[in-house]
Amino acid sequence: WQYNTLRKKGYVVQGTHPVVWSPKDQSPTGDHDRLRGEGESPIEYALLKFELDGKILPAATLRPETVYGVTNLWLEPNAEYVEIAVDNEKWIVTREAVAKIRDQLKDVKSEHPVSIGDFFGKRAKNPVTNRLVPVLPANFVDPSNGTGIVMSVPAHAPYDYVALQELIGQDKLEQYGITKDEIEPVTLIKSELGENPAKSVSDSLEIKSTKEIEKLDRATGIVYKKEF
């Protein structure tokens, strides 16, 4: 009665808010509904819309403030990407991301595969700085995490820094028509970690390859904690 009365008077409205969601049961799952994961809460990702040839590459990130330091985008060369229509825009995402985008109450239509190799070496426009940044392949991108499109901030993300060093060391930049100057790290946050925090921590842990997952995760934790 109280809620109905307040609603009729315009003081209470029904809205939406993020919840921990079960894609299998299509319902919210509280702490006591789960066999494991008690205390978990929704994780907020920001999708930043990079534009390329009239299509949107929505990069999912936990740190949208670092968009000013993006040097390139990463896509997984062996993953399956699709083009979907979202709110009158054409988005490129992994197939695994489509259901999650629908769960954000987006109107998703017309899903069809794309040849992701056609994107490598092309430039996408940063939605904030308007800078054109190249699209590059990276095997460390998880197709099921976010949208499968990752923005690279090599000054503040050890994975990005090490991956770029690998491409430089393998002389693969020229293959995509990209120069080293285009991917020069841009430092945004000053801390005790020096001019290039990702490089500083990666060097201290002697990380040489993107396959050193445990070391990279540790380096990422160090950088994120210091810069938080």
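Do we find that Glu38 is of a type in the set (Asp, Glu) and open to solvent by 100 Å² or more (accessible area, probe 1.4 Å) in this structure?
yes
Please pick out the residue among Leu6, Leu73 that is within 30 Å of Asp181 (Cα to Cα), of a type in the set (A, V, I, L, M) and either open to solvent by 50 Å² or more (accessible area, probe 1.4 Å) or modelled with pLDDT of 90 or more (or both).
Within the list Leu6, Leu73, the selection yields Leu73.
Determine which member of the set Val150, Val162, Val223 is open to solvent by less than 50 Å² (accessible area, probe 1.4 Å), closer than 15 Å to Val67 by Cα and not in a loop (DSSP other than H, G, I, E, B).
So the residue among Val150, Val162, Val223 that is open to solvent by less than 50 Å² (accessible area, probe 1.4 Å), closer than 15 Å to Val67 by Cα and not in a loop (DSSP other than H, G, I, E, B) is Val150.
Collect the residues in region 111-147 that are farther than 24 Å from Ala99 by Cβ, among the small types (Gly, Ala, Ser) and open to solvent by 40 Å² or more (accessible area, probe 1.4 Å), keeping them in residue-number order.
If the condition is that a residue be farther than 24 Å from Ala99 by Cβ, among the small types (Gly, Ala, Ser) and open to solvent by 40 Å² or more (accessible area, probe 1.4 Å), then Gly117 is the only one that fits.
Just to be sure I understand the filter: pairs with C-beta atoms under 7 Å, separated by 6 or more residues or on different chains, first member in region 1-29 and over 26 Å from Gln104 (Cβ atoms), second member assigned to a loop (DSSP other than H, G, I, E, B) and open to solvent by less than 90 Å² (accessible area, probe 1.4 Å). Which pairs pass?
Correct list of pairs: Tyr3/Val12; Leu6/Val12.
Tally the residues that are open to solvent by 80 Å² or more (accessible area, probe 1.4 Å) and at pLDDT 90 or above, restricting the search to region 18-27.
1
Would you say Thr94 is among the polar types (S, T, N, Q), within 14 Å of Gly148 (Cβ to Cβ) and modelled with pLDDT of 95 or more?
Here the answer is yes, as Thr94 does meet what is asked.
Between a first residue in region 92-113 that is closer than 9 Å to Val82 by Cα and a second residue that is acidic (Asp, Glu) and modelled with pLDDT of 90 or more, which pairs have beta carbons less than 6 Å apart while being 6 or more apart in sequence or on different chains?
Listed by first residue and then by second, the contacts come to Ile92/Glu83; Arg95/Glu80; His112/Glu83.
The values are calculated or read from the model by the stated rules, or taken from the named source; none is laboratory data. Computed from a predicted structure; not experimentally measured. Note that each Cβ is placed from the backbone with ideal geometry, even for glycine, and that neighbours are counted across all protein chains shown. For the accessible areas, the whole protein counts, side chains as well, though only heavy atoms, and no ligand, DNA or RNA atoms are used. Shrake-Rupley method; radii C 1.70, N 1.55, O 1.52, S 1.80 Å.
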